[in-house]
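Working notes, beginning with the structure itself.
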Amino acid sequence: MREVGHFIGGKQVPGKSGRTTEFFQPMTGEVIGRVALASRDELRQAVENAKAAQPAWAATNPQRRARVMMKFLELIAKETDSLAELLAREHGKTIPDAKGDIQRGVEVVEFACGIPHLLKGEFTEGAGPGIDMYSIRQPLGVVAGITPFNFPAMIPMWKFAPAIACGNAFILKPSERDPGVPMRLAEIMIEAGLPAGILNVVNGDKEAVDAILDDPDIKAVGFVGSSPIAQYVYSRATANGKRAHCFGGAKNHMIIMPDADLDQAADALIGAGYGSAGERCMAVSVAVPVGKATADALMDKLIPRVENLKVGPSTDPSADFGPLVTKAHMEKVRSYVDLGVQEGAKLVVDGRDFKMQGYENGFYMGGCLFDEVRPDMRIYKEEIFGPVLSVVRAKNYDEALRLPSEHEYGNGVAIYTRDGDAARDFASKVNVGMVGVNVPIPVPLAYYTFGGWKASGFGDLNQHGPDAVRFYTKTKTVTSRWPSGIKEGAEFSIPTMR
Ligand code: NAD
């Protein structure tokens, strides 16, 4: 049984609050450890460490800060295999998928290596007589990130790498369901040369989160998780004067036009709908074939593919997906499938009773496929976050465009078509933040920004890419007159550049 504490001041420290929670190995259902739940005092201790270390780090030139990121990349490359195994055991996703989780985080660290260039400000020579004007970006101080269970490597790296590269100190509050990888990432940063106190990991639940939201020394909070908590964190952080961006849940649609290559579309739906057991904020959970003929032909291709999905333990390299993260989550997903049946949707593949031989206590479910789902059903409106795909049949393109546009969530969406006009019209008009054209999971690369619209994102700036640099810095604008040829006498009217 592993005991996981916190990572404060450059080292692991045991929890002192007396509160802990168990975490599991989903593929066997066993409890594999206990993670400490921080008190307000423990959070405060991390903030004190961060606050003391931050000024010297901010004064370290950006090329040296970038070199720490580069060294981190070198070190993490050497232990990707062991890190992926740890991640798969705690989360439940397969090892190849766990490697992808690490890699998508690593790509943001690579982006952060460009910080000397990214932090460059603007300069105008001769903005007025003897006057130069320039802008500089300065770090905020101590900032925090609160992250979900489903990407325990990628999302912590999305948060801390740009923040630290900008010269901030960081408090990470990862998910209590899979705490091992974030703790190891913090250690690797120290091994890469990051000064103690610049990256701290405080494990915990609502108490630790509330302590972050109320702490006057934490200047910005980035959150990723479910929408109700995202909205709560955004409201409380901003009410306390902090900068915040909070990313929430999703219901991602994929539109299949009559001219689409249906084999390609069906394969894309299978990968994007059931990969990682559907526990991805960019998972496709709604397929929208346009027209009856498209819908019927698509169902003929989908049903055998869903029936033949290979569910397996996380360590089985041939498995398509592994178990769900906890028993409670598995039961919630199953109850949504029960609800869909009650609501009158047609359950054409039922994976509720799947049992994994030899792993009877693991949190497994087979793939489920619903046809004839209607927009008024709760299984359409709400995020299920499991291996369940709903097919909503649209009569025409306009109806297909309306469905994701009018849905409460607005994270990702995709269209499958061979018609450039339709694709272009869709990408322009759909009311969703990230769009794929013949790409089922349009997660932008590290040098673009990631963020959903509507109930999928609260706040003004996205994650990673140029927005991360804007989020983790404040802009100062300097107007200087040099040499100081100041006219005699006071000027009482506002200076202008006539
Ligand atoms: P969650 O909302 O339960 O937890 C997220 C974080 O909030 C965790 O660190 C958790 O400890 C904390 N938390 C939980 N309850 C809290 C409370 N009452 N008060 C304060 N803090 C609380 O989410 P999860 O189950 O870990 O992750 C899955 C969710 O995350 C899904 O909804 C998924 O769509 C979403 N997600 C969104 C994105 C995105 O970029 N939009 C990315 C990944 C996951």
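The values are calculated or read from the model by the stated rules, or taken from the named source; none is laboratory data. Keep in mind that this is a model prediction, so the values were computed, not measured. As a convention, Cβ positions derive from the backbone with ideal geometry for all residues, glycine included, and neighbour counts pool all protein chains shown. The protein model used for the area step is the full one, side chains on, heavy atoms only, and it has no ligands, DNA or RNA in it. Shrake-Rupley method; radii C 1.70, N 1.55, O 1.52, S 1.80 Å.
The lysines within cross-link reach of Lys120, meaning a Cα-to-Cα straight distance under 16 Å and a gap of 8 or more places when in the same chain, are Lys474, Lys476.
The length gained by stretching the chain between Gln12 and Asn431 to full extension, at 0.36 nm per residue less their Cα-Cα distance, is 146.4 nm.
With respect to the chain, whose longest principal axis is taken over its alpha-carbon atoms, helix 154-165 is tilted by about 10°. Here is how the number arises for the chain: DSSP H runs of 4 or more residues each give -39500 (n - 2.57), the sum is divided by the residue count, and the result at 222 nm is -12000 deg cm²/dmol. Counting only alpha carbon atoms, the long axis of helix 62-78 and the longest principal axis of the chain meet at about 30°.
Counting only DSSP beta bridges with both residues in the chain, tell me the antiparallel percent, nearest 5. Approximately 40 percent, going by the DSSP bridge assignments. Determine the alpha carbon to alpha carbon distance for each of Lys78/Lys355; Lys16/Lys219; Lys78/Lys454; Lys219/Lys429 and list only those over 31 Å. Correct reply: Lys78/Lys355; Lys78/Lys454; Lys219/Lys429.
Here the relative contact order of region 365-498, from alpha carbon pairs under 8 Å that lie six or more residues apart, stands at 16 percent. Each of His117, Ala88, Ala230 was placed along the dipole of the chain (beta-carbon charges, centred on the mean Cα), and the one lying farthest toward the positive end is His117. Relative to the longest principal axis of the Cα atoms of the chain, the long axis of helix 420-429 lies at roughly 60 degrees. The dipole here belongs to region 252-437: it is taken about the Cα centre, uses +1 on the Cβ of Lys and Arg and -1 on the Cβ of Asp and Glu, and is about 220 debye.
In a simple Cβ point-charge model (Lys, Arg +1; Asp, Glu -1; nothing else charged), the chain has a dipole of about 1400 debye relative to its Cα centre.
Find how many whole Å separate the alpha carbon centroid of region 31-105 from the alpha carbon centroid of region 342-393. Using only Cα atoms, the two centres lie 34 Å from each other. For the chain, the longest piece that avoids every one of the GluC sites (Glu not before Pro) found in DSSP loops with at most 11 other C-beta atoms within 10 Å covers 123-359. Rolling a 1.4 Å probe across all protein chains gives Tyr134 an accessible area of roughly 80 Å². Selection among Leu302, Ala46, Gly412 by position relative to the dipole of the chain gives Ala46 as farthest towards the positive end (Cβ unit charges, Cα centre). For Lys242, the aspartates and glutamates whose Cα comes closer than 16 Å to its Cα, not counting residues fewer than 8 places off in the same chain, are Asp210, Asp214, Asp215, Asp217, Asp460. When the charge dipole of the chain is built from unit charges on Cβ atoms (+1 for Lys and Arg, -1 for Asp and Glu) and taken about the Cα centre, the candidate among Ala272, Met377, Pro156 whose Cα reaches farthest toward its positive end is Pro156. Calculate how many DSSP beta bridges within region 252-437 are antiparallel, expressed in % of all such bridges and rounded to the nearest 5. Bridges in region 252-437 are about 15 percent antiparallel.
For region 252-437, relative contact order (Cα pairs under 8 Å, six or more residues apart, normalised by length) works out to 28 percent.
Within the same chain, lysines fewer than 8 places from Lys301 are excluded, and of the rest, those with a Cα less than 17 Å from its Cα are Lys292, Lys310, Lys346.
Entry note, the chain: relative contact order of 18 percent, from Cα contacts under 8 Å with a spacing of 6+ residues. About the centre of its Cα atoms, region 398-488 shows a dipole size close to 640 debye [charges on the beta carbon of Lys, Arg (+1) and Asp, Glu (-1) only; nearest 20 debye].
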